[in-house]
Amino acid sequence: MTLDHFAHHEVFAVGMVVIGALAVQVFSRNAIERLVRRAVRADRYESPVDEKKREDTVIGLFHTSFALGVWIMALMFILTILRVNPTGLLTGAGLFGVVFGFGAQNIIRNYMAGVCILTENQYRVGDIVSMSGGLLGPAVASGIVEDITLRITKLRDLDGTLHIIRNGDAGSIVNRTFKYSNVLMDVTVEYTSDIDMVEKLMNEVGTKMLENEEFNKLITTPISFLRVESFNDSGVVLKAMGKVKPGAQWSVAGEYRKQIKAAFDKHKIRLGTSATSNKP
């Protein structure tokens, strides 16, 4: 056989390996999704929404891991077809190996952090989280988790900005929508207000919100008076709290503010200078 024949044969073989790898990757997507949907089951504390978030996260990570494995195997086949010894290449490239080793440390750290995110169920696709500390320093990135891979997490904030964070860079992670959320609110009224009446109105407004078709499905425990929190220059600070579905704390708190203002106006109760504040 001629040299041209061997070259043609090798090109054909390499092309078949690439096509085969692409085909395996494409056909594996549906198989992985079906297997994960069947294998992942929510615990007794998880809602169907939480279960789907976790499934989507696991599916994304398995897709990435499987694709990486497929292309590593494809590369080994291609090197074999081209009669290249991978071990010899790595041994001969001493300086490249050292540089690659330092880079691999960061890659391994990010991938191991990604594995921990999955196994420990720290957050899922669709959760609202804040990340800071670690290599991020004092900076804080917050938003909805759009995608998680073994290496990075993508957060989309309220401005529409996409934050791409390496999994190994975050030292502190705050998940604001894990399983359930609380509405924790301070209501400040003037010192001359009848606190017993204020408490009654706060509880009535929280219960009344259950009659609202838009919000009753979001509320687990109605917002109610909790305690007299403190005294300040603005008036008496009262604490209210309720439990809602994950991520619903802001919309529910906004509606509560609207209704409590109307109830206070009706009964001639004046809010303090600081009005209300919500600490989800």
For Lys217, list the aspartates and glutamates whose Cα falls under 15 Å from its own Cα; do not include residues on the same chain fewer than 8 positions away. Glu255
If R₀ is 45 angstrom, what is the calculated FRET efficiency for the pair Met73 and Ile173, using the beta carbon separation as r and rounding to 0.05? 0.85
Pair Phe27, Phe66: separation of 7 Å Cα→Cβ label points (nm): 1.2
Give me the distance in nm between label points sitting 7 Å out from Cα along the Cα-to-Cβ direction at Asp159 and Leu82, one decimal. 4.4
Give me the one-decimal nm value for the distance between modelled label points at Thr221 and Val14, 7 Å along each residue's Cα-to-Cβ direction. 6.5
Could you list, in their original order, any pairs among Lys52/Lys179; Lys239/Lys266; Lys179/Lys258; Lys154/Lys243; Lys179/Lys245; Lys239/Lys268 whose Cα atoms are separated by more than 18 Å? Lys239/Lys266; Lys179/Lys258; Lys154/Lys243; Lys239/Lys268
Region 181-278: C-alpha pair distances exceeding 23 Å, %: 18
Which whole-number percent is the relative contact order of region 181-278 (Cα, under 8 Å, 6+ apart)? 45
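Taken together, the values in this text are just the output of simple stated rules run on the coordinates, not laboratory data. Note that the structure is a prediction, hence the values are computed from the model and not measured. Backbone-built Cβ (ideal geometry, glycine too); neighbour counts: all protein chains shown.
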